[in-house]
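All remarks here apply to the structure that follows.
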Amino acid sequence: MTLKFRKPPPTEESVQRLLGSARLSDATKKGYLGRIQQYLREAQMTPDELVAAARSHPREFEERFIGFIQETGKSSTSTTTAFRDSVKKFLEINRVEEVKWGYVNEFVPGAKKAGQDRAPTLEEVRRVVDVADLRMKCLVLFLCSSGSRIGSVQWLRWKDVEEVEIGGEKFAKLTIYRGELRGVGITISKRSVSRILKSLVEKGFLTMVGNGYEPTDLARARPKQGTL
């Protein structure tokens, strides 16, 4: 898969090493590169110049980078670790081992926790489902039942869904992030499956065939064929 950027990425060898990593997803590479380019504009350096400077003058780089992330943290502390991780990975993949990241971490501002993340209660889920339309009901039940992230939904395809039976109960197995190293299989409950199928039948994307379902001509005619 070819990464698409609004502007072409730098052609320096150091950048190509990052883009060539087999352990990073395309989305992660794109995010890393965007933050690295932002830091390079501030430092007024090219990617290769940054690698050379960090290797030859690591203490000077540390102090300059600490100043950058502290200034960035004044407006948004949640982004400081993202900048740290992006530049750290970029230098590490270019074999820059002289930087003391443990020292840098001492000056990375911590994220401000304005709230406390938690899973919704069953009653809260019911209240959301009661007032949601059919499409949103499907989405809420799918996310709560599977535990998958909202970002995975747009990538689901028909081929990612298969029926499984566990202890006499029928479930649906979905493969999310197919084709990437982090691709995993998850299961969702029978109730969630029923809601999703009902929605697709009512919208004309599925039709009953015997004991199963098949995509209709309407589903096949959509621009993104097979997208759930």
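Figures for the structure shown
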| item | result |
| --- | --- |
| Cross-link reach list, aspartates and glutamates versus Lys74, counting only Cα pairs under 20 Å and skipping chain neighbours closer than eight places | Glu42, Glu62, Glu63, Asp85, Glu106 |
| FRET E, pair Val125, Asn105, Förster distance 30 Å, beta-carbon r, rounded to 0.05 | 0.20 |
| Label point distance in nm, Glu60-Ser25, each placed 7 Å from Cα along Cα→Cβ | 3.9 |
| Among the listed pairs Lys88/Lys173; Lys137/Lys159; Lys89/Lys159; Lys30/Lys137; Lys29/Lys137, those beyond 29 Å (Cα-Cα) | Lys88/Lys173; Lys89/Lys159; Lys30/Lys137; Lys29/Lys137 |
| Approximate shape of the stretch 13-105 as ellipsoid semi-axes (Cα gyration tensor, √5λ), whole Å, largest first | 19, 17, 12 |
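Every number here is computed from the coordinates shown, using simple stated rules; none is lab data. As the structure is a computational prediction, the values presented were derived from the model and not from experiment. We place every Cβ from the backbone using ideal geometry, glycine too, and count neighbours over all the protein chains shown.
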